[in-house]
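> One structure coming up, written as C-alpha cells, with questions to follow.
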Amino acid sequence: MSSFSSAQFRGSQKDLFTPAQIQHLMRVEFDRAQRYRYGLVLLVVGIDRLEQLQDLYGSELRDQVHGALVGLLKSATRASDALGCLLDDRILVLVPHTPPEGAAVMAKRVLDGMRALTFDCDGRSTRVTVSIGGAHNARKGDFAFDTLLEVGTAGLKVARDGGGNRYVHSELYEFFEKKRARERADQEAAAPAAVRAPMPIAGAPAAAAIGDGVPHILGEKIRDMFGLSENDSALLAKIEQEVVTSALREMKLELEKVLVESKSEHQRQIETLERRITKLSDSLGMTEAELQRALTQKTVDPGVASIYKTVQGLSSNDVQVQLKKALMSKIFEANVELRKKIDTGPQSTS
Amino acid sequence: MVEKKQAPEGETKKDHGVLYLGIDLGTSRTSVSSSNGMRETVSSYVGYPKDVVARKLLQKDVLFGDEALEKRLSLDFYRPLAHGVIRDDKDAERNLKAAADLLGEIIRRSKPRKDELVYAVIGAPAQAQIKNKEAILKAARQHVDSVMLCSEPFSVAYGLDMLDDTLVIDIGAGTTDLCRMHGTMPEESDQLTNTFAGDHVDETLSKLIRAKFPEAQFTVQMIKQIKEKHSNVADNMPPVVVNFPVKGKPTPFDITSEVRSACRSIVPPMVEALGELIGSFDPEFQDRLKNRVLLGGGGSMIKGLDVELERQMHEMLGGGKVMRVEEPIYGGANGALKIAHDMPAEYWEHLR
Ligand SMILES: Nc1ncnc2c1ncn2[C@@H]1O[C@H](COP(=O)(O)OP(=O)(O)OP(=O)(O)O)[C@@H](O)[C@H]1O
Ligand SMILES: [Mg+2]
C-alpha cells in the first residue's frame, strides 16, 4: 500500500497542512538530505492543456483527472516518506532517499499510467496526458531548495513546450543558483546601509559614551598597569576607550555564540517535530482511508485495531521486503527456541 | 506441538481482530506503543503496601511508577529490572511477580478491548541472559495471547528502517548499549554495553556538586530532575542556577560547569566503544558505518550530545556523523510495534 496521505493533496478546508506548510516540510527534508548527504528527487507534474480541458468539460473533469493523477503518483513513488502538494496548477512530489535515476523511473510509471486511463465526460471518453520535470540533489556543493524547485519547473516547461506527455530533466542547477546569487546581491545593494550594520547590543550604550565617564576603578587599574602619571590623561582616555570597546566586542561575540548554538539546537528540535508530524499525518490519512473501507465492508469487520496492520504493516512494495521477511523469521525462530526451553525447563509453568 | 489457548467459558470470545503492542522494558522506564494509537510510559517501579494499615490508607493492592516512588516508605518497593533485566537475587520470586505486574499494568494502559487478541513484541536488552529472557517471557504470557522478544537496539533501528550499516547507541539509565546493524540479525560481536549512562551522570553530578559545595543538601532524585531539565554538553550552554537548601534555607548555586562535565563523562567511553565496533568491521564499509550513528534512549536528550559526539569522533576516529532518534522515549516501543506489525500472522499463531 502506498503511503503518502491523500490529505496532503486535497485542497479543502479539512486539510491537515496547507500547501505552504508542506513546502516548508519539503525544505526541511531537503536541508536534512543536504546535511546527511542522502539523495532525494523532486518531480514537478502538470496536466497537459489543463485550461482547455476545463473550458471544454468543466471543473468536474479536472477533479477527476486530478484524483487519478494523485493516485498514480502515490503508487509510483511508493516511499513512505514522500511529500506531495499542489502549487498553483503543478503538483510537487519530493521523494527522499532516492537516486536521480529513481526520478526517471517514477516519472515513466506516471506517464504510462496516465496514458492507460480514460475519463468519462458527457458520455464521451477522453484521454489526458501529463508533463513532468525532474530534479535531484546528487551534485557537489551547497545549493538551495528553491533551485531544486526551479530546475524541476524548468523541466516541466520544456516538457510542455515539446508537446507534453513526457519527462524532462534539465541540468540548469548552476544557472539558477547563479541567478539567485545575483538577485540576492542586487537586493543587498538596494537595501539601506543601516540594515547591514552590525546589530548593537540591546541596552549597551555606545563605547564612546562610556569612555567619557568610566568609573575610577578602571582608570586606576590602567594607570597601574601602564605606569601612567596623573598628567597622561589623554593617553589614559584613549586606552580606556580601547579597553571598553574590546570588552564590548568580546561580550558581543560571546552572546552571538550562545545565540547561534541555542538557535541550532532549537532548529534541530523543530525539524524533528516536523518530521514526526508529517509521519503521523501520513498514517492518519491512510487510516482514514482504511476506516472508510472498513465502513463499507461492515459485515466483515476484523476489529478496528487490526486496520493498523494493513496501514503500517510490511508492504510488498517495501524496498527491503525480502530482508525484513528474513529478519522476521530469524526473530521468530529465536523465540521458538526460547519457548522450547521454557516449556521443557524444570520450572515449567504452562 | 502448539496448544492453542481456549477462552474459558463465560469469558468474552476474542474474535474481533488483534491488538499489536510494542513494549520497551527498561531499567528506569517501561513504555508501550500500540496499534490502537495508545502510547504510555511508566517508571519501572512497583510497590506493594507493607501491611494492612498501609493498604487501608492507599486503598490499592499495588502501585506503579512515580506513585510507587512517592509512597515508597509505606511499600515493599521494587525496581524489578536492574540493568534492564528481571533481577535474579534472593528476592527473585517477588521480583518476577513485580515485573509481571508491571507488564500487566503497561498492557492495561494500552487499553485492549475485551474481544480482541493481544500480540506483543518486547524489546529486551541486547545482552540479556537466557534465564532473564525466560523470566520476561513467562511474565508476559500471563497477560497477552502471543509474545516475542527481540533485542532492544535492533528494534530501535528497525523502527527507523535503518537496517544496514548503522550504529545504534541506546543511552538508558543503567546502561548504554551499542549495536552494529549490517542487514542481518546482530550477533554477540555486534554489540557492546557499558554502564556509562543516565545513572552514571546522576552520580557524577552529585559527586561534583558535593565536592564544590559541601554545604548544599540534596538527594539523587533531585539531581536527576535537575539533569533532565538542564542537561547540556555545549561549551556555550545556558547557565544552570538551582536552589539547594543550606541548613534548611534555599540557597542558589551555579552548577553550570558541573552539569556540563557530568553530561560529558559518558562521551569518551562511548567513542571508545564506537571505535571498537567500527574498527572490527569490514574496512570497505567502515566509513559508511561511521557516518550513520543513531542516538536513542532517554540519555540522548542531553542537549548538544550529537554535536559533541561528532567532535570527539573527529578527534579520535577521523570523522563521523550522528543523528538522533526522533522520539527517544518511544524509539524502542515504536520499533517493537513495527516488528509486531511486520511479523507474519502464522508466526504469531504458532506461538500462541
Ligand atoms: N532531558 C534529559 N536529559 C538527560 N537525560 C535524560 C533526560 N530525560 C531522561 N533522561 C535520562 O534517561 C535515562 C532513562 O532513559 P531510558 O528511558 O531510555 O532508560 P531505560 O530504557 O529505562 O534504561 P535501560 O536502557 O538502561 O534499561 C534516565 O537516566 C533519565 O534520567
Ligand atoms: Mg532502554
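The values are calculated or read from the model by the stated rules, or taken from the named source; none is laboratory data. A quick note: this is a predicted structure, and the numbers were derived from the prediction, not measured. Using ideal geometry, Cβ is built from the backbone for each residue, glycine included, and neighbour counts are taken over all protein chains shown. The accessibility values were calculated without ligands, DNA or RNA, using every heavy atom of the protein model including side chains. Shrake-Rupley method; radii C 1.70, N 1.55, O 1.52, S 1.80 Å.
> Taking the conditions exactly as written (under 26 Å from B:GLU272 (Cβ atoms) and either over 22 Å from the mean Cα position of the chain (by Cα) or within 14 Å of chain A (Cβ to nearest Cβ) (or both)), does B:THR166 satisfy them or not? I'd like the intermediate steps shown before the answer.
On the way: under 26 Å from B:GLU272 (Cβ atoms): yes; either over 22 Å from the mean Cα position of the chain (by Cα) or within 14 Å of chain A (Cβ to nearest Cβ) (or both): yes.
For B:THR166, the condition - under 26 Å from B:GLU272 (Cβ atoms) and either over 22 Å from the mean Cα position of the chain (by Cα) or within 14 Å of chain A (Cβ to nearest Cβ) (or both) - is met.
> Considering only residues that are farther than 21 Å from B:LEU81 by Cα and in contact with a Cys (Cβ under 9 Å, 6 or more places away or on another chain), look in segment B:167-184 and name the one that is farthest from ligand 1 (Cβ to nearest atom).
Initial filter on segment B:167-184 (farther than 21 Å from B:LEU81 by Cα): B:167-168, B:180-184.
Filter once more, keeping what is in contact with a Cys (Cβ under 9 Å, 6 or more places away or on another chain): B:167-168.
Working: B:LEU167: 17, B:VAL168: 12 Å.
Checking each candidate, the answer is B:LEU167.
> Turning to a different aspect of this structure: Any residue in segment B:103-120 that's away from chain A (no Cβ under 13 Å): show its pairings with residues that are among the acidic types (Asp, Glu) and surrounded by fewer than 23 Cβ atoms within 10 Å (Cβ to Cβ) at Cβ separation under 7 Å, as long as the two are six or more apart or on different chains.
B:ILE106/B:GLU40; B:ARG109/B:GLU40
> What is the residue count in segment B:135-186 for residues that are open to solvent by less than 20 Å² (accessible area, probe 1.4 Å), in a loop (DSSP other than H, G, I, E, B) and touching a Gly at 6+ places or on another chain (Cβ under 8 Å)?
The total comes to 3.
> Can you pull out the residues in segment B:219-253 that are assigned to a loop (DSSP other than H, G, I, E, B) and within 15 Å of ligand 1 (Cβ to nearest atom)? If you could, list the steps in order and put the result at the bottom.
We begin by selecting, within segment B:219-253, every residue assigned to a loop (DSSP other than H, G, I, E, B); these are B:219, B:231, B:233-240, B:247-248.
Once the filter is applied, which keeps residues that are assigned to a loop (DSSP other than H, G, I, E, B) and within 15 Å of ligand 1 (Cβ to nearest atom), segment B:219-253 yields B:THR219, B:SER231, B:VAL233, B:ALA234, B:MET237, B:PRO238, B:VAL240.
> When both residues are 6+ apart or on different chains and their Cβ atoms are under 9 Å apart, which pairs have a first residue that lies in segment B:163-178 and is on the phi > 0 side of the Ramachandran plot, and a second that is open to solvent by less than 20 Å² (accessible area, probe 1.4 Å) and small (Gly, Ala, Ser)?
B:ASP165/B:GLY183
> For segment B:10-32, give me the residue count where each residue is farther than 12 Å from B:ILE122 by Cβ and either within 16 Å of ligand 1 (Cβ to nearest atom) or at pLDDT below 85 (or both).
The qualifying residues number 11.
> When the residues of segment B:169-223 are filtered to those that are more than 21 Å from the chain's Cα centre (by Cα) and of a type in the set (Phe, Trp, Tyr), which remaining residue is nearest to ligand 2 (Cβ to nearest atom)?
B:PHE218
> Residues of segment A:115-131 being closer than 14 Å to A:ASN165 by Cβ and assigned to a loop (DSSP other than H, G, I, E, B), which ones?
Once the filter is applied, which keeps residues that are closer than 14 Å to A:ASN165 by Cβ and assigned to a loop (DSSP other than H, G, I, E, B), segment A:115-131 yields A:ALA116, A:LEU117, A:ARG127, A:VAL128, A:THR129.
> Which fully enclosed helices (runs of 4 or more DSSP H) of segment B:268-352 have 3 or more residues being closer than 27 Å to B:LYS138 by Cα and open to solvent by less than 10 Å² (accessible area, probe 1.4 Å)? It would help to see each step written out before you state the result.
Details: elements: B:286-290, B:305-317, B:331-342, B:345-350.
Hits in segment B:268-352: B:331-342.
> Only residues that are open to solvent by 30 Å² or more (accessible area, probe 1.4 Å), assigned to a strand (DSSP E or B) and within 26 Å of B:ASP177 (Cβ to Cβ): list them for segment B:40-76, please.
Filtering segment B:40-76 for residues open to solvent by 30 Å² or more (accessible area, probe 1.4 Å) gives B:40-41, B:48, B:50-53, B:55-62, B:66-67, B:70-74, B:76.
Cutting the leftovers down to assigned to a strand (DSSP E or B) gives us B:40-41, B:48, B:76.
Residues satisfying the conditions are B:GLU40, B:THR41.
> Right, next: Let me confirm something: among A:ALA135, A:ALA103, which residue is part of a strand (DSSP E or B) and aliphatic (A, V, I, L, M)? Step through it out loud before you land on a result.
Numbers: A:ALA103 fails: part of a strand (DSSP E or B).
Result: A:ALA135 is the single residue among A:ALA135, A:ALA103 that is part of a strand (DSSP E or B) and aliphatic (A, V, I, L, M).
> Report, by residue number, each residue of segment A:152-172 that is in contact with a helix residue (DSSP H, G or I) (Cβ under 6 Å, 6 or more places away or on another chain) and open to solvent by less than 40 Å² (accessible area, probe 1.4 Å).
Scanning segment A:152-172 gives A:VAL168, A:SER170.
> From the set of residues in segment B:279-304 that are touching a strand residue (DSSP E or B) at 6+ places or on another chain (Cβ under 7 Å) and away from ligand 2 (no atom under 16 Å from the Cβ), which is farthest from the other protein chains (Cβ to nearest Cβ)?
The residue in question is B:PHE281.
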